[in-house]
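Undergrad: Quick one: this structure, given as structure tokens, is what I'll be asking you about.
Nothing in this text is a laboratory measurement; each read-out follows from the coordinates by a stated rule. In this text the structure is predicted, and so the values were computed from the model without any measurement. Cβ placement follows ideal geometry from the backbone for every residue including glycine, while neighbour counts extend to all protein chains displayed.
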Amino acid sequence: MVNRLVTGAGYGLLSWLVQRISAVILVIYTLFMTIFLLSHRPLQFAEWKALFTPLSLRLFSLLFFLSLFLHAWVGVRNILMDYVHPTGLRLALEVAAILALVVYAAWSMQILWGA
């Protein structure tokens with residue numbers, strides 16, 4: 001009989017949770033924005049600007065973007081682990097993906113709080 005000890009590796013549970021929780025946040029935000037856009041037709045710039053004025057919506061948008069980037073990271077990492085077998089190449093592609101996602105996160109924060 002094999003007795004496995006869980007030693008903190010998680011066996012993919014953390015990645016699974018990140019995917020599911022981030023997907024729920026993405027759906028909620030997408031539904032909110034869809035309802036807003038459909039109820040404000042035609043959308044004027046003043047309405048769009050007023051939508052993002054409250055701190056609560058900026059934080060909700062930031063949560064959306066961070067969820068999107070985490071969701072993308074888990075997906076890209078899983079694809080790379082499954083299909084890119086040379087370790088050096090896989091590591092280089094993972095680092096490139098991380099750098100791109102960090103740049104996108106910084107860019108989205110600049111958009112939400114920039115001038």
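Undergrad: Of the conditions (1) loosely packed, with under 13 Cβ neighbours inside 10 Å; (2) part of a helix (DSSP H, G or I), Thr53 satisfies every one except a single condition; which number is it?
TA: The one condition Thr53 does not meet is (2).
Undergrad: Ok, one more. Picking from Leu59, Leu99, Leu91, Leu80, which residue would you name as being surrounded by 14 or more Cβ atoms within 10 Å (Cβ to Cβ) and either of a type outside the set (A, V, I, L, M) or part of a helix (DSSP H, G or I) (or both)?
TA: Numbers: Leu59 fails: surrounded by 14 or more Cβ atoms within 10 Å (Cβ to Cβ); Leu99 fails: surrounded by 14 or more Cβ atoms within 10 Å (Cβ to Cβ); Leu91 fails: surrounded by 14 or more Cβ atoms within 10 Å (Cβ to Cβ).
Step by step, each of Leu59, Leu99, Leu91, Leu80 is checked, and only Leu80 is surrounded by 14 or more Cβ atoms within 10 Å (Cβ to Cβ) and either of a type outside the set (A, V, I, L, M) or part of a helix (DSSP H, G or I) (or both).
Undergrad: Just wondering, is there one or more residues in the range 92-101 that are in contact with a Leu (Cβ under 8 Å, 6 or more places away or on another chain) and of a type in the set (Asp, Glu)?
TA: Step one: filter the range 92-101 for residues in contact with a Leu (Cβ under 8 Å, 6 or more places away or on another chain), giving 93-94, 97.
Still in the running and of a type in the set (Asp, Glu): 94.
Scanning the range 92-101, I find at least one residue that is in contact with a Leu (Cβ under 8 Å, 6 or more places away or on another chain) and of a type in the set (Asp, Glu), so the answer is yes.
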